[in-house]
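Single-structure report; data block below.
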Amino acid sequence: MKIYEFDPLRDGRWAKFVDRHPAASVFHSVGWLTALKQTYGYEPSVLTTCKTDSDLSNSLVFCRVQSWVTGRRLVSLPFSDHCQPLAEDGDTVATLISGLREVARAQGCKYIELRPVSWLTGARPSFAPSRNLCLHRLDLRYGLQEIFRRFHGDCIRRKIRRAEREVLTVLEGRTPEIVGQFYGLVVRTRKRHGLPPQPLGWFKRLVECLGPALTVRIAYKSSLPVAGILTLQHRNALTYKYGASDERFHNLGGMPYLFWLAIQDAVGRGLHEFDLGRSDLEHAGLIAFKEHLGASRSDLSYWRSPAPEVMRSTRHSWGLDLIRHTCAHIPDNCLTTLGTLVYRHIG
């Protein structure tokens with residue numbers, strides 16, 4: 001079966017295909033791929049068995065990542081929680097992956113990494129897990145009353161009521177002011193975790209490229225930002241991608257309140273699902289928060305070929321501890337510069 005390759009940012013078939021395919025997510029969208037290219041220089045491409053003059057019925061989208069630090073590789077997709085191959089049967093997926101391996105071999109890539117939500121039959125040979133995570137999704141079709149009832153009483157419902165008593169105000173949008181305030185919370189949160197923040201340019205590109213599909217919500221105590229979330233919409237699904245907060249005000253319930261407002265808005269617009277994103281298995285607190293919202297958990301694995309010598313993990317090591325200690329104590333401007341320098345090498 002012949003395989004064809006095309007640029008999804010130039011071929012008009014791609015946006016139409018992503019819009020109609022039931023397994024497509026915001027991470028397949030033209031906006032997301034454009035932001036990856038403009039921010040990090042990753043080149044998106046698609047493999048398909050469909051001829052150039054015919055409608056698409058299957059695809060595998062990936063990015064070429066070239067770095068003098070981490071090498072050349074093919075990833076589907078960088079900085080994306082998941083990216084399912086859009087094909088209905090295992091034989092087609094296996095054909096597309098075989099084509100991707102040929103591309104990797106011809107271009108001297110170190111490895112291929114795939115990030116499917118679920119693996120399709122026939123696609124697994126020669127691949128091995130590089131990272132094991134979990135994915136949480138909240139079914140919005142239960143309706144607001146039932147969703148609220150399923151919230152954990154102490155960890156979610158009580159904190160929402162606390163936020164209401166504190167009269168937290170919420171602004172939402174995509175203005176430079178809102179994005180800038182959200183980024184301030186991101187820097188604070190990443191520093192607290194001992195990690196560099198994503199580049200500010202990444203968030204600006206997401207706003208420019210995704211437009212109305214992206215919403216930033218920020219909760220304020222008086223005029224001070226205390227928590228913020230960034231969500232993305234594709235068709236009938238809302239995706240939580242980034243969240244950040246000021247730890248001095250965690251007791252005010254800002255984060256649960258923002259999620260509740262986002263859920264109310266999504267249900268009001270007839271959306272079916274709230275994708276709460278991936279979580280590392282070591283992040284017990286984040287996993288518990290998502291499950292306290294009533295979300296269902298499923299396994300999520302990233303697959304690599306050739307198989308990695310050691311599976312990636314966030315467990316502590318002396319090297320990681322040193323990085324976290326450094327990030328937690330350097331000035332904010334140095335931290336943001338570090339993030340700008342390193343992120344393009346780790347997608």
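The values are calculated or read from the model by the stated rules, or taken from the named source; none is laboratory data. In this text the structure is predicted, and so the values were computed from the model without any measurement. In this analysis, Cβ positions are derived from the backbone assuming ideal geometry, glycine residues included, and neighbour counts consider all displayed protein chains.
Residue-by-condition table, conditions (1) of a type in the set (A, V, I, L, M, F, W, C); (2) over 29 Å from Gly211 (Cβ atoms):
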residue: Arg105; (1), (2): no, yes
residue: Cys109; (1), (2): yes, yes
residue: Pro116; (1), (2): no, no
residue: Leu144; (1), (2): yes, no
residue: Arg149; (1), (2): no, yes
residue: Ile156; (1), (2): yes, yes
residue: Thr175; (1), (2): no, no
residue: Tyr183; (1), (2): no, no
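Hey, could you check the range 162-174 for residues that are free of Cβ contacts under 8 Å to residues at least 60 places away in the same chain and of a type in the set (Lys, Arg) and say which is nearest to Met255 (Cα to Cα)?
Arg165
If I go through the range 198-224 residue by residue, how many of them are touching a Gly at 6+ places or on another chain (Cβ under 7 Å) and in a strand (DSSP E or B)?
Going through the range 198-224 one residue at a time, the tally reaches 4.
When residues of the range 17-52 are filtered for being under 19 Å from Lys204 (Cβ atoms), among the β-branched types (Val, Ile, Thr) and surrounded by fewer than 20 Cβ atoms within 10 Å (Cβ to Cβ), how many remain?
Here the count works out to 2.
Just give me the residues in the range 185-197 being touching a helix residue (DSSP H, G or I) at 6+ places or on another chain (Cβ under 9 Å) and in a helix (DSSP H, G or I), in sequence order. It would help to see each step written out before you state the result.
Restricting attention to the range 185-197, the residues satisfying the condition of being touching a helix residue (DSSP H, G or I) at 6+ places or on another chain (Cβ under 9 Å) are 186-197.
Listed by number, the residues that qualify are Val186, Val187, Arg188, Thr189, Arg190, Lys191, Arg192.
Restricting attention to the range 225-250, which residues are touching a Lys or Arg at 6+ places or on another chain (Cβ under 7 Å) and part of a helix (DSSP H, G or I)?
The answer is Glu247, Phe249.
Mind checking whether some residue in the range 78-88 is surrounded by 20 or more Cβ atoms within 10 Å (Cβ to Cβ), modelled with pLDDT of 95 or more and among the hydroxyl-bearing types (Ser, Thr, Tyr)?
Of all residues in the range 78-88, those surrounded by 20 or more Cβ atoms within 10 Å (Cβ to Cβ) come to 78, 80-87.
From what's left, modelled with pLDDT of 95 or more: 78, 80-86.
Checking the rest, the ones that are also among the hydroxyl-bearing types (Ser, Thr, Tyr) come to 80.
For the range 78-88, residues surrounded by 20 or more Cβ atoms within 10 Å (Cβ to Cβ), modelled with pLDDT of 95 or more and among the hydroxyl-bearing types (Ser, Thr, Tyr): present.
Identify, by number, the condition in (1) without any contact (Cβ under 8 Å) to a residue 40 or more places away in the chain; (2) surrounded by fewer than 21 Cβ atoms within 10 Å (Cβ to Cβ) that Ile229 doesn't meet.
Looking at each condition in turn, Ile229 falls short on (2).
Condition first: under 18 Å from the mean Cα position of the chain (by Cα), assigned to a loop (DSSP other than H, G, I, E, B) and of a type in the set (A, V, I, L, M, F, W, C). Now tell me which residues in the range 1-53 satisfy that.
Residues satisfying the conditions are Ala23, Ala24.
Which count do you get for residues in the range 151-184 that are aliphatic (A, V, I, L, M) and either assigned to a helix (DSSP H, G or I) or within 30 Å of Tyr302 (Cα to Cα) (or both)?
Count: 5.
Can you tell me which residue among Val179, Val207 is crowded, with 17+ Cβ neighbours inside 10 Å, farther than 14 Å from Thr39 by Cα and either modelled with pLDDT under 95 or assigned by TED's automatic domain parsing to the domain that holds Gly243 (or both)?
Answer to the selection: Val179.
Please specify each residue of the range 54-71 satisfying the condition of being farther than 18 Å from Ser98 by Cα, assigned to a strand (DSSP E or B) and in contact with a strand residue (DSSP E or B) (Cβ under 7 Å, 6 or more places away or on another chain).
Filtering the range 54-71 for residues farther than 18 Å from Ser98 by Cα gives 54-56, 65-71.
So of that shortlist, the ones also assigned to a strand (DSSP E or B) come out as 65-67, 71.
Result: Val65, Gln66.
For the range 29-57, what are the residues that are under 16 Å from Leu86 (Cα atoms) and touching a Cys at 6+ places or on another chain (Cβ under 7 Å)?
Pro44, Leu56, Ser57
I'm told Phe148 meets every condition in (1) assigned to a helix (DSSP H, G or I); (2) under 30 Å from Gly41 (Cα atoms); (3) not β-branched (Val, Ile, Thr) except one. Can you identify the failing condition by its number?
If we test Phe148 against (1) assigned to a helix (DSSP H, G or I); (2) under 30 Å from Gly41 (Cα atoms); (3) not β-branched (Val, Ile, Thr), just (2) comes out false.
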